[in-house]
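Step one of this worksheet: look at the structure below.
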Amino acid sequence: MIKTVKGKVIAGVLAVGLVSGGGVALGATDAGANLKLWYDGQFGKASTEVTSQVTSYASSKAEGLLTEYNGLKTDATDSINAKGEFVAGVANKNIDAKSREHIDSIKEEKAHIETYLASQFGGLSNFAKSIINQAGDDALAYAKNDLTQYTGVAGNTANEKVKTDVNKVTTQAIKDLEETIKVAKEELQAQLDKKTGSTVEEIKGLIDAKIVELRKEVTNLKNKLVKDQEKIITNTAKGLQLAAEAEMDALVKGINGK
């Protein structure tokens, strides 16, 4: 920007020189012509002095502005990294809590099912359906909250760090949850096999249907949040561009006024 301003100042000075020097001497003697030659020389010196001073002034400002700008970039990086570490910590804590909540719920429900399985086998399908719907609602609510926070995190470096930390905790949480589900299903399956396979297939169908339903809803939610962020970014860039163009236009218009 400094080089651009300097170029515009020099161009303005040269333009004034050309306009001022374009007149025709109307005097009948050499006095007018000599005066004009003297004036042109003096004006050339003045133009050179102005150009030199303006160039020197602009150059003196450049280093300070660069230092200030680098400081702003450093502050931005620190803020983004701090935010990334904070949200990663919150996400990890929430995932651990949610994993434990699911595991405890499954263990508790398994014990409960075993108390009435033999005598109330006919009602197992309806009960399982209500549990699946509740689990689906919990998962959708968690996805909405998690995705909203996730899409708001700024900065590629901080974002990659968040992904790494959260994925590590998530992998362990899912592994624990899958192991608990596996054990519970194996123990219950041994008992269910004594009754009938039709109920198992019905429950599997309910689970698959709920997965399809949740996958569509979560995907739509993700797409909406991404579009919202893209709109915010686009509007910000457009606003900054308009402001910069207005500032440069004002600077250009003010060249001849100072």
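Points worth noting:
- Test: residue 59 is in contact with a helix residue (DSSP H, G or I) (Cβ under 6 Å, 6 or more places away or on another chain) and either open to solvent by less than 60 Å² (accessible area, probe 1.4 Å) or in contact (Cβ under 8 Å) with a residue 40 or more places away in the chain (or both): no
- Index of the failed condition, residue 209 passing every other in (1) among the small types (Gly, Ala, Ser); (2) modelled with pLDDT of 80 or more; (3) farther than 19 Å from residue 137 by Cβ: (3)
- The number of residues in the range 65-74 being at pLDDT 80 or above and either open to solvent by less than 80 Å² (accessible area, probe 1.4 Å) or of a type in the set (Asp, Glu) (or both) comes to 3.
Every residue, every condition in (1) closer than 25 Å to residue 250 by Cα; (2) at pLDDT 50 or above; (3) open to solvent by 60 Å² or more (accessible area, probe 1.4 Å), yes or no:
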residue: 3; (1), (2), (3): yes, no, yes
residue: 7; (1), (2), (3): yes, no, no
residue: 16; (1), (2), (3): yes, no, yes
residue: 32; (1), (2), (3): no, yes, no
residue: 45; (1), (2), (3): no, yes, yes
residue: 52; (1), (2), (3): yes, yes, yes
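- Set 83, 61: member being at pLDDT below 80, of a type outside the set (A, V, I, L, M, F, W, C) and farther than 30 Å from residue 168 by Cα: 61
The values are calculated or read from the model by the stated rules, or taken from the named source; none is laboratory data. Just so it is clear, the structure is predicted and the values come from calculations on it, not from any experiment. All Cβ positions, even for glycine, are placed from backbone atoms using ideal geometry, and neighbour counts span all protein chains on display. The protein model used for the area step is the full one, side chains on, heavy atoms only, and it has no ligands, DNA or RNA in it. Shrake-Rupley method; radii C 1.70, N 1.55, O 1.52, S 1.80 Å.
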